[in-house]
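The values are calculated or read from the model by the stated rules, or taken from the named source; none is laboratory data. Predicted model, so just to flag it, every value in this text is computed and none were measured. Neighbour counts are summed over all protein chains in view; Cβ atoms, including those assigned to glycine, are modelled from backbone coordinates with ideal geometry. Ligands, DNA and RNA are stripped out before the accessible areas are found, and what is left, the full protein with its side chains, is counted by its heavy atoms. Shrake-Rupley method; radii C 1.70, N 1.55, O 1.52, S 1.80 Å.
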Amino acid sequence: MTQNRKLFTDLNAATMQVSDTPYGMIENAAIAVSDGVIEWVGPLGAVPVAYADYPRSSLGGRVVTPALIDCHTHIVHGGDRAVEFEMRLNGASYEEVARAGGGIVSTVTATRAASEAELLADALRRVDVLIGECVATIEIKSGYGLDLETELRMLRVARAVAQHRPIRVKTTFLGAHATPAEYAGRDDAYIDEVCIPALRAAHAEGLVDVVDGFCEGIAFDTDQIARVFDVAVELGLPVKLHADQLSNIGGAKLAASYGALSADHIEYLDEDGVKAMAEAGTIAVILPGAFYTIRETQAPPIALLRKHGVPMALATDINPGSSPLNSLLLALNMGCTLFRLTPEEALRGATQNGARALGLTDTGTITAGMRADLAVWDIKHPAELSYRIGFNPLHSRIFGGT
Ligand code: DI6
Ligand code: FE
């Protein structure tokens, strides 16, 4: 029995389908939805008879886009690093901050000390802000536990987010994020004795959708990441990687060699790496919030990504250290202003390509067969979503058809 049928009318649909018109725009469109799935989209004048008697809902001439997708977040974490931010602005060096217990270590300490209920309550406050911008799908990483118990706790909280809010969550195991204090100087032992066993345990509990790592001079090298990825392959899990963010040690190339869903950050990615990503179908995830916060000066190689046809996604990277950016709309603006993405590329990055970076094929465009996750905006043109700074024009949010 089909219920919840609806025909949305009086709207301009930025479908984000790849078509001859920018944004895949269909003006004066209608969208037929049934049981949470888009059945048809097209010009209002061409609604097929099958949908003509669906209950109608006028959207007042507004712009409708796919609901947004934030494909890279660390939104579950304990504590914050505001005091450390203040210390640095008062002249403290990175070392002084670290010696005072700051940096990623302080977030690990706070996350280990937090209960599941506390982590969830904190995360939901941040998630609610994203929902207010019509984010309907988010990725959530572990990586601030760095011990088996806390990594699993973070992932359980990530799963719980979707039980408590109308949002879809993809979980990512990021045990290879940093080496915890108790393994200082013994990175390999951490990978073999903690990270990989934690991955196996989290997978056995059904907590892992994707496996990630931080491949960087200050984190793990390509051999260490490859050991984690080999286990991901064995478990049948897709991979993605924080790659080439602060330097190029071959992270994106390694990711591509594993057929990764995405390589993320990539400020220091070179053309060889871009080609490897193009061949592997690996999405480039652009994260302007981290670039801005750490005052990086090298921008990701946008022109090379375009040249070789690597699709670009755009995300917040919400985390308490390098990207306390709790707005995907602001990330769109930053992607345009800092990296010269076009507003269409930015929006595609937070819809169609965000979905691809998560391996999702049922969301990200307004197309028959896709989930009816839609954003109704009080705007005249989709470029307005990237244009304003700190303004949210959301009119209404349609999640699973309602
Ligand atoms: N890259 C980053 O920018 C963050 N993690 C990562 O892999 C930093 C996370 C933090 O500082 O807490
Ligand atoms: Fe990140």
Legend entry - Most mobile of Leu235, Leu124, Leu347 in a GNM of the chain (Cα contacts under 10 Å): Leu235
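Which order do you get for Ile218, Ile366 if you rank them by accessible area with a 1.4 Å probe, largest at the top? Could you put the intermediate results ahead of the total?
Working: Ile218 130, Ile366 0 Å².
Result of the area sort, largest leading: Ile218, Ile366.
Once the Cβ-Cβ distance between His381 and Arg99 is put in as r, and R0 is 56 Å, what FRET efficiency do you end up with, to the nearest 0.05?
Step by step, r from the Cβ atoms, then E = 0.65.
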Legend entry - Förster radius 45 Å - calculated FRET efficiency between Ala299 and Val83 (Cβ-Cβ, nearest 0.05): 0.90
Inset, instruction - Working with all protein chains in place, sort Thr402, Thr172 by solvent-accessible area computed with a 1.4 Å probe, largest first. - result: Thr402, Thr172
Inset, instruction - Work out how much length Thr109 to Ser247 would gain on full extension: take 0.36 nm times their residue separation and subtract the Cα-Cα distance, in nm to one decimal. - result: 47.0 nm
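Note down the magnitude of the dipole of the chain about its Cα centre, charges +1 on Lys and Arg C-beta and -1 on Asp and Glu C-beta and zero elsewhere, to the nearest 20 debye.
1180
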Inset, instruction - With a 1.4 Å probe and every protein chain left in place, tell me how much accessible area Ser262 has, in Å² to the nearest 10. - result: 0
Legend entry - Accessible area (Å², 1.4 Å probe, nearest 10) - Lys275: 90
Inset, instruction - Go ahead and set up a Gaussian network model of the chain, Cα springs under 10 Å, then flag whichever of His265, His74, His203 fluctuates most. - result: His203
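In terms of solvent-accessible area of protein heavy atoms at a 1.4 angstrom probe, what is the ranking of Asp70, Asp362, highest value first? Don't jump to the answer; show the numbers that get you there.
Details: Asp70 0, Asp362 50 Å².
The ranking, largest first, comes out as Asp362, Asp70.
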Inset, instruction - Leaving ligands, DNA and RNA out of it, work out the accessible area of Glu344 with a 1.4 Å probe and give it in Å² to the nearest 10. - result: 50
Inset, instruction - With label points built 7 Å along Cα→Cβ from the Cα atoms of His164 and Arg125, find their separation and express it in nm. - result: 1.2
Legend entry - Mean separation of Cα contacts under 8 Å, 6 or more apart, over the residue count of region 126-223: relative contact order %: 31
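For the chain, what does the helix formula give at 222 nm: sum of -39500 (n - 2.57) over DSSP H segments with n ≥ 4, over the residue count, nearest 500 deg cm²/dmol?
Working: 17 runs with 146 residues, N = 402.
Value at 222 nm, helices only, nearest 500: -10000 deg cm²/dmol.
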Legend entry - Too-long pairs where the Cα-Cα distance tops 22 Å, listed order kept, from Lys170/Lys275; Lys253/Lys307; Lys141/Lys275; Lys170/Lys240: Lys170/Lys275; Lys141/Lys275
Inset, instruction - Could you tell me whether region 263-402 comes out rounded, prolate or oblate from its Cα gyration tensor? Rule is a ≥ b ≥ c as square roots of the eigenvalues, rounded for a/c under 1.5, then prolate if a/b exceeds b/c, otherwise oblate. - result: oblate
Inset, instruction - May I ask what percent, to the nearest 5, of DSSP beta bridges between residues of the chain are antiparallel? - result: 40
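Between Glu116 and Asp188, what length in nm is gained on full extension when 0.36 nm per residue of separation is reduced by their alpha carbon distance?
23.0 nm
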Legend entry - Mean Kyte hydropathy of -0.5 or more with a Cα span along the axis of at least 20 Å, helices from DSSP in the chain: 116-131, 148-164
Legend entry - Most fluctuating residue given options Val231, Val310, Val49, as computed from a GNM of the chain linking Cα atoms under 10 Å: Val49
Inset, instruction - Indicate the gyration tensor shape class of the chain (rounded, prolate or oblate), computed on the Cα atoms with a ≥ b ≥ c the square roots of the eigenvalues: a/c under 1.5 is rounded; otherwise a/b larger than b/c is prolate and the rest oblate. - result: prolate
Inset, instruction - Could you look at region 20-162 and say what percent of its accessible area is carbon and sulfur, using a 1.4 Å probe and all protein chains? - result: 56
Legend entry - Whole-Å distance, taken between Cα centres, linking region 203-270 and region 344-402: 27
